[in-house]
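The values are calculated or read from the model by the stated rules, or taken from the named source; none is laboratory data. Predicted model only: the values in this text are computed from it and were never measured. Cβ: placed from backbone, ideal geometry, glycine included. Neighbour counts: every protein chain shown. Note: areas computed on protein heavy atoms with side chains; ligands, DNA, RNA excluded. Shrake-Rupley method; radii C 1.70, N 1.55, O 1.52, S 1.80 Å.
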Amino acid sequence: MTLTLTVDGERWRSHLRSFAEQTPGLVPVAKGNGYGLTLGRLARRTGWLDDTVGGFDTLAVGTYDELPHVATRYPGSLVVLTPWRPWAPALEPDLADRVIHTVSRPEDLPALLARQPRARVLLERMTSMRRHGMSATDLWETAAAARRTGAVVEGVSIHLPLEGGNLPEARALMDDVVGAEVGTAWVSHLTAAERAELSRSYADLRLRPRIGTALWLGDRGALRVTATVQDVHRIARGEPFGYRGRTAPKDGHLVVASGGTAHGIGLSAPASVSGLRQRAGTLAKGGLASLGLTRSPYSFDGRHLWFAEPPHMQASMLYLSGNGPVPNVGDELDVRVRFTATSPDRIVLT
Ligand SMILES: *Cc1c(COP(=O)(O)O)cnc(C)c1O
């Protein structure tokens, strides 16, 4: 029994196409679980975008370990977003020519070039994210060193915090890119309006926006996750069930559905209500939360189901109170998931 992601293929492709057409210089990001869609699928889709819209010469992955998942499915250049470190794996020569490394510390450049003399690199500038990157001075010196030593500088990498209000910081960073005498800025998390504004102010700089979520998951209506009902049991108030011998808070039904921790289900569900004041509030509303239950991401007939207990590895025990309609074995339940943390068993493209 499966957790299924159904993709409305035509609607999804049409979103991808229009997003691509409106986003000059776009570098799709395919990392982690492939935004729920798998890395291989996103790699093939990037090739398709290149065929249909054009200009998709590069795909970004998160780590060196992800390269094998995309390299045979997409023929272009591959940026690795995680900065290169001396323990990065050696690459096969054919792949090495396609890979663009991210260099975020001055000392990593000579170490990388010792291994791969004409390596293609992005030089990463530190931002308010404070994750990786160099100061402006280190960036300028490293850019000069790269030119002297034969590295191929593909641009400066700038990773900003989540979208919204990044323009003032981005402007200051663009000045640093210009100062480094590099012509391309690879940017994350700028809005389309912010990018347009920067392109006006820095007409000589080329912007390469790196985007995952808004591209692949930008039209949620094209994606639907469903679980199969595997069992339904009537349960009376006070009857025990589950791993922990919990008892049913009221008469109702236990619904056992596919999807569990192995799929990433429930891990980000809101914690059950525990604070006294909060508990009093929910008690006043008369919700099941006041009885210690947690809302699940599953719904049936427009009604949210509750977790009867924490999700199991491949199934979840859900609780439906009252005498309303009850699903049948074999019915599909809608599941609201965080795609970046969910691995469906099956992806169906309609
Ligand atoms: C993950 C990542 C992105 C893409 O982020 P989304 O929010 O999914 O668009 C861009 N840049 C870097 C450096 C990343 O790690």
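Taking the chain as a Gaussian network of alpha-carbon nodes connected by springs under 10 Å, the highest mean-square fluctuation of the residues Pro75, Pro168, Pro24 belongs to Pro168.
Sequence-distant contacts, meaning Cα pairs under 8 Å at least 6 residues apart, place the relative contact order of the chain at 20 percent.
Counting other C-beta atoms within 10 Å, and keeping those with at most 16, which DSSP coil chymotrypsin sites (Phe, Trp or Tyr not before Pro) do you find in the stretch 69-141? Present the calculation step by step, with values, prior to reporting the outcome.
Details: sites: Trp84, Trp87, Trp140; in loops: Trp84, Trp87.
Loop-located and lightly packed - Trp87.
Surface composition of the chain: carbon plus sulfur atoms hold 50% of the accessible area, using a 1.4 angstrom probe and ignoring ligands, DNA and RNA.
What does the highest-first list of 203-211, 322-330 look like by mean Cβ count within 10 Å?
On the way: 203-211: 17.4, 322-330: 11.7.
Going by the mean number of other Cβ atoms within 10 Å, highest first, we get 203-211, 322-330.
With Cβ to Cβ distances under 14 Å as the rule, what net charge do the other residues near Met174 carry (K, R +1; D, E -1)? Don't skip to the answer; put the middle values down first.
Numbers: positive: Arg125, Arg171, Arg195, Arg200, Arg206, Arg208; negative: Glu169, Asp175, Asp176, Glu181, Glu194, Glu197, Asp204.
Around Met174, the charge tally is -1.
Modelled label positions at Ala96 and Arg200, each set 7 Å beyond Cα in the direction of Cβ, lie 4.6 nm from each other.
In the context of the full set of protein chains, the chain has a per residue accessible area of 47 Å² (1.4 Å probe).
Return the percentage of antiparallel bridges among DSSP beta bridges fully within the chain, rounded to the nearest 5 %.
Values: 31 of 64 bridges.
The antiparallel proportion sits near 50 percent.
Note down the net charge around Ala88, summing +1 for each Lys or Arg and -1 for each Asp or Glu among other residues with Cβ under 11 Å from its Cβ. Net of charged neighbours comes to 0. Tell me whether the stretch 7-218 comes out rounded, prolate or oblate; compute the Cα gyration tensor, take square roots of the eigenvalues as a ≥ b ≥ c, and use a/c under 1.5 as the rounded threshold. Verdict is oblate for the stretch 7-218.
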